[in-house]
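The values are calculated or read from the model by the stated rules, or taken from the named source; none is laboratory data. All values reported here derive from a predicted model rather than from experimental measurement. Glycine gets a Cβ as well: all are built from the backbone with ideal geometry, and neighbour counts include every protein chain shown.
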């Protein structure tokens with residue numbers, strides 16, 4: 001696969017193809033889709049973290065005028081469950097409710113007010129049973145099991161021999177950690193913790209479902225993984241996946257949180273019973289309290305080094321509070337736990353992940369799933385080790401970072417490794433060597449963090465069609481969630497055909513029109529889709545050249561497309577390619593199919609530097625500047641690329657300084673944006689970006705690209721925590737780094 005981009009569209013700053021529709025309100029989200037006779041659905045939720053459901057009486061709700069259907073767990077086939085990998089999420093609670101906010105009944109009515117009144121009339125007889133509300137409680141000997149029926153649940157990452165709240169243990173290892181620790185001159189041990197974080201997408205979970213009498217099911221939902229999604233729904237409702245069709249709609253943000261079935265199976269039950277379409281729209285309190293936020297974590301870490309700073313052994317236990325269900329994770333666990341090894345070359349390493357069931361809100365994926373938690377720990381640990389050794393944190397990293405030709409701590413050998421270059425670029429852009437103000441009530445500090453991330457592989461499909469009227473359409477199986485993927489697809493086709501970007505439109509296939517798509521996640525889309533769209537463009541041109549050979553007698557190997565013209569390279573003759581399509585009365589189409597699940601040989605490094613001012617009296621932290629440097633391949637759209645960097649930084653700032661989806665006694669207590677604080681423009685510092693030279697960056701596919709979507713949010717929190725420690729000499733080991741925690745640490749010190 002060899003590309004020869006013209007440089008016309010690829011690499012040019014290009015506004016989003018969907019930008020105008022979104023800013024003018026013309027974009028159609030799921031809530032905007034109107035079907036004749038559609039009903040409004042709502043779900044009744046458990047008020048207890050763990051309870052047996054003795055009985056549900058929906059008689060009065062069913063009698064309420066305007067109510068068209070009521071369903072409970074008793075109406076579902078026994079054991080009907082769904083999940084992205086682990087099938088442990090019930091459509092509606094059957095016999096047991098496992099967290100506050102679990103759906104136990106659903107109603108469909110003519111309007112939202114009537115649906116809510118119906119919910120209020122449903123009487124549920126609960127028997128509270130002991131709950132485990134922390135990982136320590138869940139792991140204690142004799143603890144109540146969140147899932148007593150674990151042996152009946154399918155899809156666990158590893159075989160379950162006996163029921164346990166620790167539903168999976170995953171390990172990455174290299175060398176002999178015990179022997180390495182015995183060689184160490186210095187050993188540093190710490191425990192770090194992070195809270196739950198909500199993805200804070202603008203559009204809450206919404207679905208519209210139409211169950212046809214034939215058994216076919218049409219779904220409209222803000223779901224960025226529609227092909228896996230239709231399999232989930234089919235498993236839950238007992239249908240054939242081929243009978244479930246996800247239709248494309250605009251998705252109002254995702255950040256990892258919109259790949260699950262959520263209320264779709266319940267809406268299907270209501271639709272089947274009522275014989276009409278049913279729409280369910282979560283209010284944001286429901287979303288915050290019952291969706292699938294980033295996992296809370298605890299990382300217990302031990303690192304051994306020689307006096308000169310050489311790391312000889314490193315180990316970590318990474319524990320994630322999965323909440324009541326595991327079904328919101330595509331792999332059933334968080335591979336990001338391996339990031340606790342850091343981008344270093346320790347010869348003896350062991351990272352162990354525990355996924356723990358509790359009776360809390362179920363957790364899922366969020367930008368860099370599992371990595372921000374693990375990177376907060378390892379990059380904080382590096383500064384702690386540097387302090388113990390009396391070294392500069394920068395020099396300790398420089399001494400141990402993996403470089404070209406070396407295996408990392410887990411035995412992976414990447415190509416075109418640019419760790420040191422990325423670190424140096426961040427330091428230069430941050431003016432790290434310049435002195436900071438000193439003395440007075442306010443203390444200043446800088447902190448560094450570095451990490452790397454590999455783009456995922458998968459499967460995707462694309463088509464490029466040249467129509468007789470001169471229009472060009474690129475088709476895709478990707479349901480884009482707001483990252484600008486469709487704009488990149490436009491650019492690729494425009495570049496290959498030498499057309500203005502505006503002359504290429506994007507059309508999205510529903511799930512019945514494409515064989516499969518892995519969905520958005522793992523920074524895979526630009527990697528996979530750029531190759532599929534490029535292949536489709538080449539295939540469309542090849543079909544055009546064949547047609548020119550048949551109709552005009554021109555040589556297939558001596559033709560090129562230049563905008564609206566098809567040109568002979570030997571004689572310079574040209575015709576409008578649309579005229580050839582018009583002569584045969586059919587469009588000219590080419591298709592591209594990419595399947596690649598092999599490990600990506602390229603990784604992308606990100607280094608960040610935070611500069612803070614800390615009030616010694618109050619502990620208040622003010623983030624002054626945030627610098628991020630990226631090792632990247634070819635940048636297809638600089639606007640989109642920078643947007644991904646800035647967006648990730650803002651989420652990382654929230655993770656580091658203020659966001660916490662707080663849970664008390666199993667109940668989410670920050671169930672509104674009045675209580676759950678995310679960064680606003682007033683909270684943001686000066687943002688600086690450094691990009692390494694593209695031509696030396698390597699990368700995958702026809703344009704030699706690397707990912708950017710998840711790269712910029714994992715190093716932010718440790719860089720901030722390290723900067724605070726640099727400023728005032730105290731370290732906060734549990735996120736977020738709030739004024740109260742800094743003040744407490746200062747007083748205790």
Original post:
Taking the condition touching a strand residue (DSSP E or B) at 6+ places or on another chain (Cβ under 8 Å), surrounded by fewer than 24 Cβ atoms within 10 Å (Cβ to Cβ) and in a loop (DSSP other than H, G, I, E, B), does residue 707 pass?
Top reply: no
Original post:
Which of the strands (runs of 3 or more DSSP E) contained wholly in region 76-189 include at least 3 residues that are crowded, with 20+ Cβ neighbours inside 10 Å and in the same structural domain as residue 229 (by TED's automatic domain parsing)?
Top reply: 103-109
Original post:
Among the helices (runs of 4 or more DSSP H) confined wholly to region 364-453, which include 3 or more residues that are surrounded by 24 or more Cβ atoms within 10 Å (Cβ to Cβ) and in contact with a helix residue (DSSP H, G or I) (Cβ under 6 Å, 6 or more places away or on another chain)?
Top reply: 371-389
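In the list 346, 340, which residue meets the criterion of being buried (at least 24 other Cβ atoms within 10 Å of the Cβ), more than 22 Å from the chain's Cα centre (by Cα) and not in a strand (DSSP E or B)?
346
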Subject >> Whichever residue in region 599-625 is out of contact with any helix residue (DSSP H, G or I) (no Cβ under 7 Å at 6 or more places or on another chain) and outside any strand (DSSP E or B) and, among such residues, is nearest to residue 717 (Cα to Cα) >> reply: 603
Subject >> Selection from region 427-456 of residues that are in contact (Cβ under 8 Å) with a residue 24 or more places away in the chain and more than 13 Å from residue 723 (Cβ to Cβ) >> reply: 427, 428, 429, 441, 442, 450, 451, 452, 453, 454, 455, 456
Subject >> Residues of region 272-300 satisfying the condition of being surrounded by fewer than 24 Cβ atoms within 10 Å (Cβ to Cβ) and under 30 Å from residue 393 (Cβ atoms) >> reply: 298, 300
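Quick grid of which residues meet (1) touching a strand residue (DSSP E or B) at 6+ places or on another chain (Cβ under 8 Å); (2) modelled with pLDDT of 95 or more; (3) not assigned by TED's automatic domain parsing to the domain that holds residue 326:
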position	(1), (2), (3)
355	yes, yes, no
358	yes, yes, no
370	yes, yes, no
383	yes, yes, no
386	no, yes, no
390	no, yes, no
394	yes, yes, no
422	yes, yes, yes
